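Down below is the structure, laid out as structure tokens.
The values are calculated or read from the model by the stated rules, or taken from the named source; none is laboratory data. Note that the coordinates shown come from a computational prediction; the quantities given were computed from them, not determined experimentally. So basically every Cβ, Gly included, is an ideal-geometry build from the backbone, and we count neighbours across all protein chains shown.
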Amino acid sequence: MRKTEMLEKLKTDQNYRAFVMLALIMVGFLLIFLLNNVMTHFEPGTWLYRDARIFPTYPPAGNDFRVGYYHPAYYLIESHFTAIGPNGTYPSNYPPLVALSSLPYALFDMTTAYAIHVFLLIAVNLACLFMAVMLVRNTLLDNLGLDNSSKNIISMILFFLVAFFTFSSYFFVYSMERGNTDIFAIFYCLCAMWVLVKNPKNIWLQIILLSVAVHFKIYPIVLFPLLLFKHGKKLLLPAVLVNIIFLLCLGPNMAWAFLKSMSSGGEGVGIGNAWSNVANHASYSFSIGIDPSKSEYLTTTFFMIWAVTFLVPLLIWGITAIAIVLKKYSIPNAVLLFMISIPLMSLLPTVSMDYKLVIHGAAITILLGVILKLFLQKFTWLDLIQVILLIGALLMMSRSYAFVSNSLVFIKNKFVWVLLLEVFMAFNIFRYIKRFSYYGSEPSNIGHDIKAAV
């Protein structure tokens, strides 16, 4: 086929555009796998095989699971629900609800419990991607003239591509080694989003699900503006009541012990915490890494750098969120606000270890859905070019810091790549809002479409 004919077909044939875009994404994810998982096993120059240590390990596997879940459940039972650590201590940065929800693990020995936990982590990762793909299918791929078969094929390809990217990434292996549960928090966030889409009037269930996420990892609190966007001031009283109940689920003493555990220094996660390193992509840790006055700790220069690295992602989110909220509430707009909020969960806390990057799988799925919709609606070279650039950002985001030179401090830490992902999201949200401004109300058949797809 001649170039002119191919170009004309891209401009006129929607199915051909879908094929080209999905093929480009497929090739991109394959290159990411080869460059990050195959080529990294060979020493440049000599081409000798090597096995590099791609993240700091704490053998045996499952350190975060043992410290944050299994041990608290064990001590909770042993102390008759008065403490989650030995001698009445609270050696955890997690809210009391985490210890309470971990009790089923105590039915098994530690090795068996961790095996069950790993199975749950894999299943929940897949469930999150499935829900994200369903949101794309039934909101973003709507009003394009696609039949159900085409939507299903596109959705299936998107699901397997992002699953392949996620499961072959450095951060997924890292999360398996630690047994970390950030993906559980995103699962509850997506469940809340799912209820918002299917049953928008069920405000209590939405609040309960999102509050469970908050009491797993705190940072999902940035999604409450999404529910406020939909429900207005009706949200406030139920949200306060539910979160107070969850905080006090093991009594006021345990709640106070948790709040003290969040303080700075030592095992805490506040300013001065001990977790700031290249595998921590929070703005706080990134700022410490690039602070030129390394001989001193927490200098004025550091706080100025941190102010910038903290405010930039917050401003990007704020400007984009305002642009969305200025439009009338609709399910597509809610999905867009959900997507742009996820990068904040990584960048704003003072501790965001790289295993936390698994939470972005759903957001990446939605972003690809937005780009795909824009491209299917109208051919532009911009969409093809930005997907290539996005693949480059995802390559670096999923690549272990061990394969990046220490001299490249700005790109070694994942902060830059998560921030760039947020920029891609904001850019495409503004394009979406401008092009599809006719979305003034919720599609009336959205709940029916989701049921039919499931």
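Numbers for the structure displayed
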| read-out | value |
| --- | --- |
| Some residue of region 43-62 being aliphatic (A, V, I, L, M) and in a helix (DSSP H, G or I) | no |
| Unmet criterion (only one of (1) modelled with pLDDT of 95 or more; (2) assigned to a loop (DSSP other than H, G, I, E, B); (3) small (Gly, Ala, Ser)) for SER437 | (1) |
| Selection within region 144-156 - assigned to a helix (DSSP H, G or I) and not β-branched (Val, Ile, Thr) | ASN148, SER149, SER150, LYS151, ASN152, SER155, MET156 |
| Answer residue from region 387-432, given it is in contact with a helix residue (DSSP H, G or I) (Cβ under 8 Å, 6 or more places away or on another chain) and polar (S, T, N, Q) and is farthest from ALA52 (Cα to Cα) among those | ASN428 |
| Only one of MET6, MET110 that is within 30 Å of GLY392 (Cα to Cα) and among the aliphatic types (A, V, I, L, M) | MET6 |
| Top-ranked residue of region 31-74 - restricted to ones that are at pLDDT 90 or above and among the hydroxyl-bearing types (Ser, Thr, Tyr), ranked as surrounded by the most Cβ atoms within 10 Å (Cβ to Cβ) | TYR69 |
| Helices (runs of 4 or more DSSP H) wholly inside region 347-420 containing at least 1 residues that are under 13 Å from the mean Cα position of the chain (by Cα) | 360-377, 381-397 |
| Yes/no for ILE183 being β-branched (Val, Ile, Thr), touching a Cys at 6+ places or on another chain (Cβ under 7 Å) and either over 18 Å from PRO96 (Cβ atoms) or surrounded by fewer than 23 Cβ atoms within 10 Å (Cβ to Cβ) (or both) | yes |
| Count of region 80-117 residues which are in a helix (DSSP H, G or I) and surrounded by fewer than 15 Cβ atoms within 10 Å (Cβ to Cβ) | 9 |
| Selected residue [under 21 Å from ILE324 (Cα atoms) and at pLDDT 95 or above] from LEU395, LEU419, LEU390 | LEU419 |
| Residue in region 104-124 that is over 21 Å from ILE359 (Cα atoms) and either under 21 Å from the mean Cα position of the chain (by Cα) or among the aromatic types (Phe, Trp, Tyr) (or both) present | yes |
| Candidates ALA257, ALA213 - the one that is under 21 Å from ALA83 (Cα atoms), out of contact with any Lys or Arg (no Cβ under 8 Å at 6 or more places or on another chain) and aliphatic (A, V, I, L, M) | ALA257 |
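One line per residue, one yes/no per condition, for (1) surrounded by fewer than 17 Cβ atoms within 10 Å (Cβ to Cβ); (2) among the basic types (Lys, Arg); (3) not in a helix (DSSP H, G or I):
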| site | (1), (2), (3) |
| --- | --- |
| LEU126 | yes, no, no |
| VAL133 | no, no, no |
| ARG137 | no, yes, no |
| ASP142 | no, no, yes |
| LEU158 | no, no, no |
| THR166 | no, no, no |
